[in-house]
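Peer 1: Have a look at this one before I ask anything.
The values are calculated or read from the model by the stated rules, or taken from the named source; none is laboratory data. The structure displayed is predicted, hence computed values, not measured ones. These area figures cover heavy atoms from the full protein model, side chains too; ligands, DNA and RNA do not enter into them. Shrake-Rupley method; radii C 1.70, N 1.55, O 1.52, S 1.80 Å.
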Amino acid sequence: MSTTVKQSSYRDIKQAYEKGVEQAGGISATYLEATFDDKSQQFVEVDEEFEEDILFQINELMPFLVATKYRLEFIVEDTNTSEKKKRKYRNRLEDLNAYITTLENIKDDIGWS
């Protein structure tokens, strides 16, 4: 059974997506800047406090990202949304999944799963 989505729901999901990828991108950029030395082209150690801060930020953001992911999956799979819109939301879903994977990889790199 397909469901019709209200226009305001599309807008809310788009805003959640934009907020999520902006925050996830900020966390991953901060981590990369701190752990990769451009001059030597080598990864460097960072202090434990920095790692704890990054983990805290990831753990705070992850439930929001996962909830947004499920909302996007709902639009892509279970609605009467047009194919054109579904493609757009499918692309957003792929982007969001990439950010989630990146944050999970950072947690693994730090040693926290």
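Peer 1: What accessible area per residue, rounded to a whole number of Å², is obtained for the chain using a probe radius of 1.4 Å? Could the numbers behind the result be given before it?
Peer 2: Numbers: 7490 Å² over 113 residues.
I get 66 Å² per residue for the chain.
Peer 1: Under 1.5 on a/c is rounded, so check that first for region 17-58, then, if it is not, pick prolate when a/b is larger than b/c and oblate when it is not; a ≥ b ≥ c are the square roots of the alpha carbon gyration tensor eigenvalues.
Peer 2: Working: a/c = 4.81, a/b = 1.52, b/c = 3.17.
Verdict is oblate for region 17-58.
Peer 1: Out of all Cα-Cα pairs in the chain, roughly what percent, to the nearest whole number, are more than 19 Å apart?
Peer 2: Details: 3218 of 6328 pairs.
Above the 19 Å cut-off, the chain has 51 percent of its Cα pairs.
Peer 1: Select from SER28, SER40, SER82 the residue whose mean-square fluctuation is largest in a Gaussian network model of the chain (Cα-Cα springs shorter than 10 Å).
Peer 2: Fluctuation is largest for SER40.
Peer 1: Could you state the number of Å between the C-alpha centres of region 40-77 and region 4-23?
Peer 2: 19
Peer 1: Going Cα to Cα from LYS88, which lysines come in below 25 Å? Please leave out same-chain ones fewer than 8 positions away.
Peer 2: Counting by Cα, and skipping residues close in sequence, LYS88 has these lysines nearby: LYS6, LYS14, LYS19, LYS69.
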